[in-house]
Amino acid sequence: MWDENYWIFERIKLKQLRVEYPHWSVGQYAKVLNHDRKWVQKWCKRLDAVSTVTLETLKSRSRAPHHVPKCLSEKAKDLVVELRHELSEQFHRRAGAKLILYGLEQYRHSHEVAFKLPNAASTIGKILRERGCVRAAWKSSYEPVILPAPLEEWEMDFGEVYLLDEAERFEFFLTVDRGTSRVMFVASHSGYNAAYAIETVVNLLVTCGVPRRLRFDRDPRLWGAWTRDSYPSPMIRLLRVLGVEPIVCPPRRPDKKPFVERCIGTLKYEWLAKQMPINRADAVERLQAFPHYYNATRPHQGRACQNRPPDLAFPHLPALPPLPDKVDPDRWLLNEHGRTYRRSVNASGTIQIDRHTYTVGSRYAGKAVLVHLDAHQQLFHLIVEGHLIRSTPILGLVGHPLPFEDYVDYIRHEAVLMRLHRQAHWEKDAR
């Protein structure tokens, strides 16, 4: 390691070279001295800044900061720890740095503060680690979610808790807006199935309006069809008829709908866990009060709300279109145009698509059939071994517009029949 005497000698050589060869460039000085260009630039600037070069000019300068940063007092650190306990008790969860920062802002408005308070969540995190309240978290990489416009895309899912006095589960349905993290709708039932799920989604759309997209997972009550493949379920058809784009998440990927998953966790482990409901009536009462708590009281730490409650972050929301008076019950076909489904011909020479049976021919028994959907002609083209063997009309279509109330009854009846079919065949075979 070179000492200070060596560096002073090198700076003297640079000063002499500049006197002998003033027309040289910085690169030429650096080449002769065998030093970096930035080192030469720095010391040329320092030599030009003084009229007379002395030994003090050639000495290295300390890298210590000129101004010692102000340290937070112990009172400020005690206040941070105290707010952590108070806010954890108030919001029924462990308060983190952002929530404590929100609490400090409220404290400034209501108290006279004679000492400096932290202004950054990172500073609060250091205090919590220093006082032993939290441990350093593992760093993980993630891809941030692209937030849509307010009320453009919703996430929906089911959740459940167990009651204290009753040996049964309490199931609820929750919908969260992806762009504002706002609870749009909450409902409960003793046991949801496909028909009740359709009724609940219709109540959601009647209450809040019609969004552009709805995101949910592969719950059989929402996504499941007669044959459990990609053929659209009654719920998917309902949304397509209303002009809502359904977004079905891949299997075992709850991170694709993180807002409703996080909200369900808040409802179960913050709101209901503090005062666990005793019976169903108590659970329904507490569930109805949850949207006000989540939207108006609880600060949301996501990018959309910036550590504020959703009502405060988004005081003005756009109006959504209402449900139509009449609908085309066969409109969902247009979104399925060109889709191909694979079936196996049974011993009687038939295949099943949705709840309907189509005849292929007994001579094709045991063979695979590709079923191509033609939405414009409303036909199924049956293809065996690359050859078109038959085109048959799609069964189960209505063929004319319906009032929306009549269509809801029709699609709910489809869901009831699907449930009965599942109980009679799949669940029976599973036993």
Any helices (runs of 4 or more DSSP H) falling wholly within region 67-136 and containing at least 1 residues that are more than 22 Å from GLN306 (Cα to Cα) and either basic (Lys, Arg) or within 28 Å of the chain's Cα centre (by Cα) (or both) = 74-91, 121-130
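Each row is one residue, and each column tells you yes or no for (1) exposed (fewer than 13 other Cβ atoms within 10 Å of the Cβ); (2) under 30 Å from LEU272 (Cα atoms); (3) at pLDDT 90 or above.
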| residue | (1), (2), (3) |
| --- | --- |
| ARG63 | yes, no, no |
| HIS67 | yes, no, no |
| LYS70 | yes, no, no |
| ALA76 | no, no, yes |
| GLU82 | no, yes, yes |
| LEU99 | no, yes, yes |
| LEU104 | no, yes, yes |
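Quick test for you: out of ASN335, ASN295, pick the one residue that is modelled with pLDDT under 95 and in a helix (DSSP H, G or I). Break it down into steps so the answer makes sense when it comes.
Numbers: ASN295 fails: modelled with pLDDT under 95.
One residue alone meets the criteria, ASN335.
Counting just the residues of region 200-215 that are part of a helix (DSSP H, G or I) and out of contact with any strand residue (DSSP E or B) (no Cβ under 8 Å at 6 or more places or on another chain), which one comes out surrounded by the most Cβ atoms within 10 Å (Cβ to Cβ)?
The first filter runs over region 200-215 and keeps only residues part of a helix (DSSP H, G or I), leaving 200-208.
Of the ones still in play, those that are also out of contact with any strand residue (DSSP E or B) (no Cβ under 8 Å at 6 or more places or on another chain) are 202, 205-206.
On the way: VAL202: 19, LEU205: 22, VAL206: 12.
Residue satisfying both the conditions and the ranking: LEU205.
Which of the residues spanning region 357-414 are part of a loop (DSSP other than H, G, I, E, B) and at negative phi? Give the steps one after another, and end with the answer.
Taking region 357-414 first, the residues part of a loop (DSSP other than H, G, I, E, B) are 360-361, 365-367, 375-378, 385-386, 394-401.
Passing the criteria: VAL360, ALA365, LYS367, ALA375, HIS376, GLN377, ILE394, LEU395, LEU397, VAL398, HIS400, PRO401.
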task = Give me a count of the residues in region 9-48 that are without any contact (Cβ under 8 Å) to a residue 12 or more places away in the chain and part of a helix (DSSP H, G or I).
result = 15
task = Could you list all residues from region 1-44 that are surrounded by 15 or more Cβ atoms within 10 Å (Cβ to Cβ), over 16 Å from SER60 (Cβ atoms) and of a type in the set (Lys, Arg)?
result = ARG18
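If you take the residues of region 378-431 that are more than 21 Å from LEU323 (Cβ to Cβ) and β-branched (Val, Ile, Thr), which of them is modelled with the lowest pLDDT? Full working, then the answer.
Of the residues in region 378-431, the ones more than 21 Å from LEU323 (Cβ to Cβ) are 378-397, 399, 416-431.
Add one more test, that the residue is β-branched (Val, Ile, Thr), and what stays is 383-384, 389, 392, 394, 416.
Numbers: ILE383: 95, VAL384: 93, ILE389: 93, THR392: 95, ILE394: 95, VAL416: 89.
It comes out as VAL416.
Surrounded by 19 or more Cβ atoms within 10 Å (Cβ to Cβ) and either at positive phi or assigned to a loop (DSSP other than H, G, I, E, B) (or both), is that true of ALA283? Write out each step before concluding.
Details: surrounded by 19 or more Cβ atoms within 10 Å (Cβ to Cβ): yes; either at positive phi or assigned to a loop (DSSP other than H, G, I, E, B) (or both): no.
When the stated conditions are applied, ALA283 does not pass them.
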key: Conditions (1) modelled with pLDDT of 90 or more; (2) closer than 30 Å to LEU320 by Cα: number failed by ARG129   = (2)
task = Return the only residue of ALA313, ALA304 being over 22 Å from VAL201 (Cβ atoms), at pLDDT 95 or above and either touching a Pro at 6+ places or on another chain (Cβ under 6 Å) or surrounded by 15 or more Cβ atoms within 10 Å (Cβ to Cβ) (or both).
result = ALA313
query = Can you spot a residue in region 344-351 that is within 35 Å of the chain's Cα centre (by Cα), within 25 Å of PRO220 (Cβ to Cβ), of a type in the set (A, V, I, L, M) and not in a loop (DSSP other than H, G, I, E, B)?
reply = no
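Under the condition of being small (Gly, Ala, Ser) and part of a helix (DSSP H, G or I), which residue from region 224-273 is farthest from PHE172 (Cα to Cα)? Let's see the steps before the verdict.
Step one: filter region 224-273 for residues small (Gly, Ala, Ser), giving 224-225, 230, 233, 243, 265, 273.
Subset that is part of a helix (DSSP H, G or I): 265, 273.
On the way: GLY265: 12, ALA273: 15 Å.
Among those that are small (Gly, Ala, Ser) and part of a helix (DSSP H, G or I), it is ALA273.
The values are calculated or read from the model by the stated rules, or taken from the named source; none is laboratory data. All of these numbers come straight from a predicted model, not from anything done at the bench. Every residue, glycine as well, gets a Cβ built from its backbone with ideal geometry; the counts of neighbours run over all protein chains shown.
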